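Undergrad: Structure incoming, see below.
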Amino acid sequence: MLFTGPLATLSAGSYTDLYRNLPVALSEPVAPVIPDRTVSLLDFGGNGDGVALNTEAFRKAISALSKQGGGHLVVPAGIYLTGPISLKDNIDLHLEKNALVLFSPDKTLFLKEDGSGMVPGLSASKRKNISLTGEGTLDGNGEWWRAVKRGKVSDVEWNDFRRLGGTVTEDGSLWYPFGLKHFENAAPSPQEQERLRTHLIRFTDCENVLVAGVTIQNSPKFHLVPQRCRNVIIDGVTVRCPWNAQNGDGIDIMQSQDVLVTGCRVDVGDDGICLKGGAGEAGVKGGPCRRILIAGNTVNHAHGGFVIGSEFSGGMFDIVVRDNTFSGTDTGLRFKSGPGRGGRCGNIYISSIYMSDIRDEAIVFETSYANQSVGEKAAVAKTQAFLPDFSDIHISGIVCRDARIAVAARGPLSMIHDIFLDDSTLFFLETGSDLADPAMIAFRNVRILSY
């Protein structure tokens, strides 16, 4: 069921069909309850001419709704340039068709008051009953934020970036949006400003969250991040950015519980639909990803169609991924982590996944992954704490045509074990099976074929 109307409310049991016959007992998420009250951004000074800054209009409208107990804030057709937007309890931000909320390329608008970092474009913290709905678009203006690798763009694209101003490294391999012609820097150096890049949407410690129908595009970093949230529905959302956007993850579920992702289309520059569970002690404290259903989605370009990691020290439990299509991704099912970032898995069931044109592996496990910022060298942590433990993972009904490598598992048996692959057909171009130890994956009724 796709929710798009500003006055509609999801009823209990709206997604019941998706939760039938699951291999794991999952709880259907509880949708937010939004009061039947509607205001327009225009009533608070909003201006959709693409020039006026609407930060104050959004703040006033949300504050006024909040004082009345909440309701729907409607954004009509137009281009609404703005700084950060923060939602409060019981509020639905509804974007009508042809409404484009465009976050400003002026990075200084997003700096925290204490200078410790930047706030996301759209955020909520410790809120209940919040939603983002409609047929409109949120655009993060990411080209003004992201560093660009010369090897990932054409001459035409490279020259377009150079015309914005910015800074090119001495070896000519990187362009930073630092020293732009029309905007101030937000940090003393290109590298420091790069580390400040913010997410487009982040909801933290929230309960009863709905994101439905909208297009989310061109983020400075990750696009949609529910972190430590409970009862989250992401339905019929389009997430997109250039294929070469640095750290351009699509949907990143972080340490959240009772989550549904369904009917979405993702085409991005990094991981498509990803589960993360924090790194080290902080990850354990934040808790696991638990009771997650990811069903009926399509991922086109992405580093991975469905991904766990790289950090999951908080754990991954009771997860079902089914009836999804990955077409044109770098990898299909990707499980990645490394020392200091790993954790435990349990009750993970993946089935009925249809893949085509996979550049690298259809299914891959890796335990030496190291996080790497743009322009910096990656280094695997030298620790025996928080080691990855990819286990109790059940994969079946996979159909893949044209992956370079069908199945790969790289790491020790102690970190990759009790993986079951059943009733699948994988057509590869170069390598069928690349396992560090044959005991890592149990194959049952699996065909691995090539020309």
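Undergrad: Working only within region 144-160, note down all residues that are part of a loop (DSSP other than H, G, I, E, B) and within 21 Å of the chain's Cα centre (by Cα). So that I can check it myself, show each step before the final result.
TA: At the first step, the residues of region 144-160 found to be part of a loop (DSSP other than H, G, I, E, B) are 145-147, 153-154.
Residues satisfying the conditions are Trp145, Arg146, Ala147.
Undergrad: Could you list all residues from region 222-238 that are more than 15 Å from Thr133 (Cβ to Cβ) and either of a type in the set (Gly, Ala, Ser) or assigned to a loop (DSSP other than H, G, I, E, B) (or both)? Break it down stepwise before answering.
TA: Our first condition is that a residue be more than 15 Å from Thr133 (Cβ to Cβ); within region 222-238, this holds for 222-223, 225-231.
The answer is Phe222, His223, Arg228, Cys229.
Undergrad: Just to verify a result, which residue in region 313-334, among those that are touching a residue at least 60 places away in the same chain (Cβ under 8 Å) and under 16 Å from the mean Cα position of the chain (by Cα), is nearest to Ala279 (Cα to Cα)?
TA: That would be Arg334.
Undergrad: Does any residue of region 201-216 turn out to be among the polar types (S, T, N, Q) and assigned to a loop (DSSP other than H, G, I, E, B)? Walk me through how you get there before you give the answer.
TA: Step one: list which residues in region 201-216 are among the polar types (S, T, N, Q), which gives 204, 208, 215.
Narrowing the set further to residues that are assigned to a loop (DSSP other than H, G, I, E, B) leaves none.
For region 201-216, residues among the polar types (S, T, N, Q) and assigned to a loop (DSSP other than H, G, I, E, B): absent.
Undergrad: Moving on to the next point. Restricting attention to region 12-54, and to residues there that are small (Gly, Ala, Ser) and within 25 Å of the chain's Cα centre (by Cα), which single residue is surrounded by the most Cβ atoms within 10 Å (Cβ to Cβ)?
TA: Filtering first and then ranking leaves Ala31.
Undergrad: On the given criteria, is Ala381 at pLDDT below 95, touching a Gly at 6+ places or on another chain (Cβ under 6 Å), part of a loop (DSSP other than H, G, I, E, B) and among the aliphatic types (A, V, I, L, M)? Give the steps one after another, and end with the answer.
TA: Working: at pLDDT below 95: yes; touching a Gly at 6+ places or on another chain (Cβ under 6 Å): yes; part of a loop (DSSP other than H, G, I, E, B): yes; among the aliphatic types (A, V, I, L, M): yes.
Yes; evaluated as a whole, the condition is true for this residue.
Undergrad: Can you spot a residue in region 128-138 that is acidic (Asp, Glu) and either modelled with pLDDT under 95 or more than 20 Å from the chain's Cα centre (by Cα) (or both)? Step through it out loud before you land on a result.
TA: The first filter runs over region 128-138 and keeps only residues acidic (Asp, Glu), leaving 135.
Still in the running and either modelled with pLDDT under 95 or more than 20 Å from the chain's Cα centre (by Cα) (or both): none.
The answer is no, given that none of the residues of region 128-138 is acidic (Asp, Glu) and either modelled with pLDDT under 95 or more than 20 Å from the chain's Cα centre (by Cα) (or both).
Undergrad: Here are Lys112, Lys107: which of them is of a type in the set (Lys, Arg) and under 14 Å from Leu200 (Cα atoms)? Before you say what the answer is, go through the steps one by one.
TA: On the way: Lys112 fails: under 14 Å from Leu200 (Cα atoms).
On inspection, the qualifying residue turns out to be Lys107.
Undergrad: Additional query: In region 312-337, what residues are surrounded by 21 or more Cβ atoms within 10 Å (Cβ to Cβ) and either at pLDDT below 95 or of a type in the set (Lys, Arg) (or both)?
TA: Arg334, Lys336
Undergrad: Could I ask something else about it? Could you run through region 411-435 and say how many residues are over 25 Å from Tyr354 (Cβ atoms) and crowded, with 17+ Cβ neighbours inside 10 Å?
TA: Residues in region 411-435 being over 25 Å from Tyr354 (Cβ atoms) and crowded, with 17+ Cβ neighbours inside 10 Å: 3 in total.
Undergrad: If you check Arg163, Arg202, which single one turns out to be more than 30 Å from Ile34 (Cβ to Cβ) and either touching a His at 6+ places or on another chain (Cβ under 6 Å) or of a type in the set (Lys, Arg) (or both)?
TA: Numbers: Arg202 fails: more than 30 Å from Ile34 (Cβ to Cβ).
Result: Arg163 is the single residue among Arg163, Arg202 that is more than 30 Å from Ile34 (Cβ to Cβ) and either touching a His at 6+ places or on another chain (Cβ under 6 Å) or of a type in the set (Lys, Arg) (or both).
Undergrad: Right, something else. Test Thr329 against the stated conditions and say whether it is part of a loop (DSSP other than H, G, I, E, B) and under 18 Å from Cys400 (Cβ atoms).
TA: Working: part of a loop (DSSP other than H, G, I, E, B): yes; under 18 Å from Cys400 (Cβ atoms): yes.
So Thr329 fits the description; yes.
Undergrad: Still on this structure: Does any residue of region 172-181 turn out to be over 17 Å from the mean Cα position of the chain (by Cα) and closer than 19 Å to Gly83 by Cβ? Write out each step before concluding.
TA: To start, the set of residues in region 172-181 that are over 17 Å from the mean Cα position of the chain (by Cα) comprises 172-181.
Going one step further and asking which of them are closer than 19 Å to Gly83 by Cβ, we end up with 177, 180.
Yes; the residues of region 172-181 include at least one that is over 17 Å from the mean Cα position of the chain (by Cα) and closer than 19 Å to Gly83 by Cβ.
Undergrad: Taking the condition of being assigned to a helix (DSSP H, G or I) and closer than 18 Å to Ser337 by Cα, how many residues in region 273-304 meet it? Lay out the reasoning, then the answer.
TA: Looking only at region 273-304, we keep the residues that are assigned to a helix (DSSP H, G or I), and these are 280-286.
Narrowing the set further to residues that are closer than 18 Å to Ser337 by Cα leaves 280-284, 286.
Going through region 273-304 one residue at a time, the tally reaches 6.
Undergrad: Here's another thing I want to ask about it. Assess whether Ile130 counts as being crowded, with 24+ Cβ neighbours inside 10 Å, in contact with a Cys (Cβ under 8 Å, 6 or more places away or on another chain) and within 23 Å of Gly236 (Cβ to Cβ). Steps first, please.
TA: Working: crowded, with 24+ Cβ neighbours inside 10 Å: yes; in contact with a Cys (Cβ under 8 Å, 6 or more places away or on another chain): yes; within 23 Å of Gly236 (Cβ to Cβ): yes.
When the stated conditions are applied, Ile130 passes them.
Undergrad: Only one of Cys264, Cys274 is surrounded by 23 or more Cβ atoms within 10 Å (Cβ to Cβ) and within 20 Å of Arg344 (Cβ to Cβ). Can you tell me which? Talk me through it step by step, then tell me what you get.
TA: On the way: Cys264 fails: within 20 Å of Arg344 (Cβ to Cβ).
Just one listed residue meets the conditions, Cys274.
Undergrad: Also, quick follow-up: Condition test on Ala61, is it crowded, with 16+ Cβ neighbours inside 10 Å and in contact with a strand residue (DSSP E or B) (Cβ under 9 Å, 6 or more places away or on another chain)? Let's see the steps before the verdict.
TA: On the way: crowded, with 16+ Cβ neighbours inside 10 Å: yes; in contact with a strand residue (DSSP E or B) (Cβ under 9 Å, 6 or more places away or on another chain): yes.
The answer is yes for Ala61.
Undergrad: Looking at the structure I just gave you, is Thr108 part of a helix (DSSP H, G or I) and either modelled with pLDDT of 95 or more or closer than 28 Å to Asn244 by Cβ (or both)?
TA: Working: part of a helix (DSSP H, G or I): yes; either modelled with pLDDT of 95 or more or closer than 28 Å to Asn244 by Cβ (or both): yes.
In short, yes.
Undergrad: Just to verify a result, which residue in region 341-371, among those that are assigned to a strand (DSSP E or B) and among the charged types (D, E, K, R), is farthest from Asp423 (Cα to Cα)?
TA: Here is the first cut: in region 341-371, the ones assigned to a strand (DSSP E or B) are 344-366.
From the residues that got through so far, the ones that are among the charged types (D, E, K, R) too are 344, 357, 359-361, 366.
Details: Arg344: 25, Asp357: 20, Arg359: 23, Asp360: 21, Glu361: 18, Glu366: 23 Å.
Only one residue fits best here, namely Arg344.
Undergrad: Separate question: Do you know which residues across region 384-405 are modelled with pLDDT of 95 or more, of a type in the set (A, V, I, L, M) and more than 25 Å from Glu430 (Cα to Cα)?
TA: Across region 384-405, the qualifying residues are Leu387, Ile393.
The values are calculated or read from the model by the stated rules, or taken from the named source; none is laboratory data. What you see is a predicted model; the values in this text were computed from it and never measured. Glycine also receives a Cβ, built like all others from the backbone with ideal geometry; neighbour counts cover every protein chain displayed.
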